[in-house]
1. Among the listed residues B:Leu588, B:Leu649, identify the single one that is facing another protein chain (nearest Cβ under 8 Å) and closer than 30 Å to A:Ile46 by Cα.
2. Any idea which of (1) within 9 Å of chain A (Cβ to nearest Cβ); (2) surrounded by fewer than 17 Cβ atoms within 10 Å (Cβ to Cβ) is the one B:Ala64 doesn't satisfy?
3. Applying the selection to segment A:170-195, what residues are farther than 17 Å from B:His605 by Cα and either small (Gly, Ala, Ser) or facing another protein chain (nearest Cβ under 7 Å) (or both)?
4. Output the residue which, of all residues in segment A:121-140 that are within 7 Å of chain B (Cβ to nearest Cβ) and either in contact with a Phe, Trp or Tyr (Cβ under 8 Å, 6 or more places away or on another chain) or surrounded by 24 or more Cβ atoms within 10 Å (Cβ to Cβ) (or both), is nearest to B:Ile678 (Cα to Cα).
5. Restricting attention to segment B:528-544, which residues are crowded, with 23+ Cβ neighbours inside 10 Å and either small (Gly, Ala, Ser) or within 27 Å of A:Gln78 (Cα to Cα) (or both)?
6. Which condition does B:Ile86 not pass, out of (1) within 30 Å of A:Arg122 (Cβ to Cβ); (2) assigned to a strand (DSSP E or B); (3) under 35 Å from the mean Cα position of the chain (by Cα), if it passes all the others?
7. Just name the residue that is surrounded by the most Cβ atoms within 10 Å (Cβ to Cβ) out of those in segment B:15-58 that are at the interface with chain A (Cβ under 10 Å from one of its Cβ atoms) and assigned to a strand (DSSP E or B).
Amino acid sequence: MKVIEMNFLPDVYVHCDKCNGKRYNRETLEVRFKGKSISDVLDMTINQGVEFFESIPAIVHRLRTIQEVGLGYITLGQSSTTLSGGESQRVKLATELSKRDTGMTLYILDEPTTGLHFEDIRVLLEVLNKLVDKGNTVIVIEHNMEVIKVADHIIDIGPEGGKDGGRLLCSGSPEAIISMNQSYTAKYLKEEIGI
Amino acid sequence: MDGENKIVVRGAREHNLKNINVEIPRNQLTVITGLSGSGKSSLAFDTIYAEGQRRYIETFSAYARSFLGNMERPDVDEITGLSPVISIEQKTTNKNPRSTVGTVTEIYDFFRLLFARAGEAFSYNTGEKMVKYTDEQIINLIVEKFNGKRTMILAPVVRGRKGHYRELFEQIRKKGFLYARVDGEICEMSHGYKVDRYKIHSIEMVIDKLVVDESDRKRLRDSVNIAMKHGQGIIMILDQQTGDTRFFSRHLMCPATGISYNDPAPHSFSFNSPQGACHKCNGLGEITEIDFEKLVPDPALSIAQGGIAPLGPHKNTMIFWQIEALADKYGFTLKTPVGEIAEESLNAILFGTGERIQLKNSPLGSSIDYMMTYEGVVKYILNQKSDNPSKTAQKWADQFHKSMKCPECNGQRLQKEPLHFKIDGKNISELAQLDVCELSDFFEDIEKRLSSRQLQIATEVIKEIRTRLRFLIDVGLTYLSLDRPAGTLSGGESQRIRLATQIGSQLVNVLYILDEPSIGLHHRDNLRLIKSLQQLRDTGNSVVVVEHDRDMMLQADYLIDMGPMAGIHGGEVVAAGLPAEVLKSNTLTAQYLTGKKKIEIPSKHRPGNGKSLILKGASGNNLKNIDVEFPLGKFICVTGVSGSGKSTLINETLQPILSQYFYKSLLDPLAYISIEGIDLIDKVVQVDQSPHSCPKLKSGVISRDASRLMLKGDVAKNVKVPE
């Protein structure tokens, strides 16, 4: 991309005529792997990338985590400014998740459902559940009932905000929680499970 | 809908939008929903908001625009029916520590006005109420209190300062005053009179000696006037029989001790103004100081073993030669554990010695002994922090600092004087520490507790404060206090604060665009939030919300569903209309809303591995000394209404404990008593809450992959993989 300044009109972006929009110099583009230059690779979607780099575990592991959080359709070279809020958050999540887990790792997530649609939440929960199934522990701070209802263990702090809060109201499985009276979470959880 | 009543977007192609046409009803609450990446934000922010913004900027002259920078024209054929647009996004407003909830909501500005105009001043010496009088009141008071008594009228000219004051005494004499009261003694002003220049003195001119008498007001008035002129608005009356003095002033003054305050102005209550800010911490309420526990982390280690952390273990460097020389002088060795070194010697190591010390010649390889001053470890750290521009050095120096409450203002950020102005017994900082709920109670029936004069001044201000507090309560922020730094708010909280200010602005015919306002809000407060959005609509505005919340969707006047999938497979409007109409369609959103599709509740829960991480006695912020058990091998959800202490427990207590344990992080956890089971996990990974996270990280992922690809490419070239 090349920027042409139009002074008091918005800048115009045109394809760079030297590299033809490939962003690399000729020598670099000559280097190929399985017949593809780096620029070709950056034009691939994550899904294609997983197939292409099948034999290279280090890369494929990273790509798989991005695929698992449901972002298989973005391209490797996609400018990060064009990602939506939810997408960029999940890329971030994928980076953290791609770090090798040991089966004894503790993950802490603060409101991971920010910007996520029901369907996205379902995908996210799958990823988190996989981690827990391997023996890891996941702690999530969350208000979203969809997440609360599938948790193994709930810790409810309250009852109110500010000085009237800060007490441990109850903890246990969702079924054990809903019998609590003074907890707001229990009240809404009952409705949610009841549906 | 006729053309006037809707915003029509034709041919939007920004990002992944597929040349779509959308109609959004005006003066309605519209919710745009859809999968993440389906083009909701592209439509709401990158198309509609961007175009509104651009058109606004277009109205400026070309000259003005050259300063504003240019707005990109969104890729859209036509937008009609657009009104001025205000977007309320989630970007955490401001990381500046000077910005607080009070200043952002402008409530603090009203507080300042209230205290400056209607506050009562109290002396910081005696706690007595400060008074100010007109000349006429002063004369009346003197007549009343000292009637028939022998008194002196004095004009204070020097109070509690050093000097010999020969010129001053000479001046007094030349003006025709024969006596002055110097440090409580009446002295005659003879030629060349002076006092000890190294002692602290108080000097008052004796203006008049008289017996106060109701009938001779004229003499009293004349004398008071002269005294006022010489004493810069302050006079003293001395009862000659008892020796008691009493101050009277045109300014605010403590009648017993005579300290006076300047007339209060709103800026003297601002911690962001030099007139108001505490001098020690410059209005931040916090100062950073060297933490000695971090300098000497383990007193059992000797200096050679690295007992003094900034120096590290013994190296053959100048500073160790210097310490060795000190050791000779003070009688310890580098092998003595730091805890056993005498305090005096340790102070010398840390703070340096005033005198020059003799360095042994051996390490320098010269035959002459060196003499040099040793400045100490602390000085070195401070120098690194203030003078060394390199980031590494700054970071290195920072690790030995800790931030603590400013001892001068006790974290209240203001100077002594403004803190002694009170409304109903509370000073401005005490009010700012209350949470919104308590504050609202305080102002509820404040009229009953104010004097009629105060009430007359304050009525309007109190009205403004009340409405603003009301808005904060409406958006569910009852638990925030006004002195909470804006930088510590979550994205959702700062967005709701902006929402509250917008509702307060009472504009009409504006198009508000909000990005997920329900984030971080417990179910309980959600309905209140929806109500305040509806209120915004009812005052005559159009509200467009990008949202995933079920209740919000169902409460909307108009629902737009984007999809069908994300990224290049999205970017189309799959359903639009009244929520009931959208429910009938077969989109993903509709399926979830009607319950056709749902997130399944697992039939049974994982048992975990039977072991637990147990945090005991957590008491940071509002936590009430609680013990929490985290069963390992489980999916744990921490929940509770906003402000209940979830983040305090996890992000500010548990996480720092673990990071310190595993990664030697420098962040100190909040108060807790003990933690058990930390050995049952082997690392901790945190994915924090930054809603629209930074592009850097994302590009980081890709460039890391890319650079690996390059590396692979090089390998490929070397081994000549056939094309």
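1. B:Leu588
2. For B:Ala64, the failing item is (1).
3. Once the filter is applied, which keeps residues that are farther than 17 Å from B:His605 by Cα and either small (Gly, Ala, Ser) or facing another protein chain (nearest Cβ under 7 Å) (or both), segment A:170-195 yields A:Ser179, A:Ser183, A:Tyr184, A:Thr185, A:Ala186, A:Tyr188, A:Gly194, A:Ile195.
4. Within segment A:121-140, the subset within 7 Å of chain B (Cβ to nearest Cβ) is A:121-122, A:125, A:128-129, A:132, A:135, A:137-140.
When the remaining residues are screened for being either in contact with a Phe, Trp or Tyr (Cβ under 8 Å, 6 or more places away or on another chain) or surrounded by 24 or more Cβ atoms within 10 Å (Cβ to Cβ) (or both), the result is A:128-129, A:132, A:137-140.
Working: A:Leu128: 21, A:Asn129: 22, A:Val132: 18, A:Thr137: 13, A:Val138: 15, A:Ile139: 15, A:Val140: 18 Å.
The extreme case among them is A:Thr137.
5. If the condition is that a residue be crowded, with 23+ Cβ neighbours inside 10 Å and either small (Gly, Ala, Ser) or within 27 Å of A:Gln78 (Cα to Cα) (or both), then B:Ser542 is the only one that fits.
6. Only one criterion is unmet by B:Ile86, namely (1).
7. Ranking the candidates gives B:Gly34 first.
Matching residues to (1) more than 7 Å from chain A (Cβ to nearest Cβ); (2) loosely packed, with under 15 Cβ neighbours inside 10 Å; (3) within 33 Å of the chain's Cα centre (by Cα):
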position	(1), (2), (3)
B:Leu593	yes, no, no
B:Pro607	yes, yes, no
B:Ile614	yes, no, yes
B:Ala618	yes, no, yes
B:Asp627	yes, yes, yes
B:Gly633	no, no, no
B:Cys637	no, no, yes
B:Ser642	no, no, yes
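The values are calculated or read from the model by the stated rules, or taken from the named source; none is laboratory data. For clarity, every value in this text was computed on a predicted model and none was experimentally measured. Using ideal geometry, Cβ is built from the backbone for each residue, glycine included, and neighbour counts are taken over all protein chains shown.
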